[in-house]
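Taken together, the values in this text are just the output of simple stated rules run on the coordinates, not laboratory data. The structure displayed is predicted, hence computed values, not measured ones. Note that each Cβ is placed from the backbone with ideal geometry, even for glycine, and that neighbours are counted across all protein chains shown.
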Amino acid sequence: MSIVVTGAAGFIGSNIVKGLNKRGITNIIAVDDLTDGDKFINLSDLKITDYVDHQDFYELFRAGAYGKVEAVFHEGACSDTMETDGRYMMDNNFTTTSSLQKSCLLQNTRLIYASSAATYGGSSVFKETPEFELPLNVYGYSKLLFDQRMRAMYGEHFQNAPQQIVGFRYFNVYGPREQHKGRMASVAFHQHHQFKDLGRVKLFGAYGGYGAGEQMRDFVYIDDVVDVNLWFLDHPEKSGLFNLGSGRAQPFNDVALSVINAERAPSTSHLELSEAVQQGLIEYIDFPQALVGKYQCYTQADLNALRAAGCKHSFKSVQEGVSAYISTLNAKS
């Protein structure tokens, strides 16, 4: 019996493989597209039994080529929120996922898949119900459409699904193994490199009624994301659509200050925000025109559904998660 992880060389996928390995699970089929060959680094220290190119996997899986597969963690997708090719986005994020779900049904395989908080878009409430779903871009729509498909098939909470199906609306995930993501890597990742290269970090200035650096997001550390995914692996009786964030909105200023203090530690005392700004360690830049009207200024995961399912996981704050992340990044540099 095996487990499949799609997007296995990507950020969340490789960390799920790592989490499975920590449990002694190595019978893992890794699925990805290594056209960008440097992504191999995310798999090089992990144990898997097979690697399959994404163009070959889906048809082979549907034909039963891999025997009994217990569960698929489906993390493979186009995650570039600025991608404007709608056909490409829908093919990757909706059509492929729909085909995979049909195959899982045929194979009696559980499906745990990545949705996104981008499904909420312009909403100010982040609860897993249709009235709060207002995507601002085709990426968010591509994720929402598959969620809607599952609701239509299995009920609002997927309660009629014949085997486990779980969708996670990821909020702003950050942590190790995201180095390949380019512009879509986390704020903490970019600010680490800015601080090393420039001696300061950059943040957007005032926008959307928020002061400079005061736009707020629900930032969630990758280890927490993996722990929740594996909790559902341990509970095959639980299905549904769930927010996966920390449940706590924090301003970008908190991320910047956490990066600065982590980079300066342990030789110097921690700075307050006003001190960091005064010393020129934070630079506020004009909000980019390309993002006007397409940017979420505030997100905060409503965790009531997750808690009602029985998952009581305790999430790290930005200060805790960023400190751990910067230590990992510095250890590799």
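Within the range 281-301, one or more residues are under 19 Å from residue 121 (Cβ atoms), part of a loop (DSSP other than H, G, I, E, B) and in contact with a helix residue (DSSP H, G or I) (Cβ under 6 Å, 6 or more places away or on another chain).
Comparison of 220, 138 shows that the only residue that is among the aliphatic types (A, V, I, L, M), under 22 Å from residue 316 (Cβ atoms) and either crowded, with 16+ Cβ neighbours inside 10 Å or in contact with a Lys or Arg (Cβ under 7 Å, 6 or more places away or on another chain) (or both) is 220.
Within the range 53-68, the set of residues being in contact with a strand residue (DSSP E or B) (Cβ under 8 Å, 6 or more places away or on another chain) and surrounded by fewer than 20 Cβ atoms within 10 Å (Cβ to Cβ) comprises 53, 54, 60, 66, 67, 68. Only residues that are touching a residue at least 60 places away in the same chain (Cβ under 8 Å) and part of a loop (DSSP other than H, G, I, E, B) were counted in the range 248-280, giving 2. For residue 44, the conditions (1) surrounded by 13 or more Cβ atoms within 10 Å (Cβ to Cβ); (2) part of a loop (DSSP other than H, G, I, E, B) all hold with the exception of (1). Among the residues that make up the range 173-182, is at least one of them within 23 Å of the chain's Cα centre (by Cα), in a strand (DSSP E or B) and in contact (Cβ under 8 Å) with a residue 40 or more places away in the chain? Yes.
Just to be sure I understand, how many residues within the range 219-247 are assigned to a loop (DSSP other than H, G, I, E, B), among the small types (Gly, Ala, Ser) and over 11 Å from the mean Cα position of the chain (by Cα)? The qualifying residues number 3.
Residues of the range 119-139 that are in contact (Cβ under 8 Å) with a residue 40 or more places away in the chain and in contact with a strand residue (DSSP E or B) (Cβ under 9 Å, 6 or more places away or on another chain): 119, 120, 121, 122, 124, 126, 127, 128, 136, 137, 139. Would you point out the residue of the range 141-172, among those that are in contact with a Gly (Cβ under 7 Å, 6 or more places away or on another chain) and outside any helix (DSSP H, G or I), that is surrounded by the fewest Cβ atoms within 10 Å (Cβ to Cβ)? Here the residue is 157.
Checking each residue in the range 268-324 for being surrounded by 12 or more Cβ atoms within 10 Å (Cβ to Cβ), more than 20 Å from residue 187 (Cα to Cα) and under 23 Å from the mean Cα position of the chain (by Cα) picks out 302, 303, 304, 305, 306, 307, 309, 311, 313.
Considering the range 208-217, the residues that are of a type outside the set (Phe, Trp, Tyr) and part of a strand (DSSP E or B) include one that is surrounded by the fewest Cβ atoms within 10 Å (Cβ to Cβ), namely 216.
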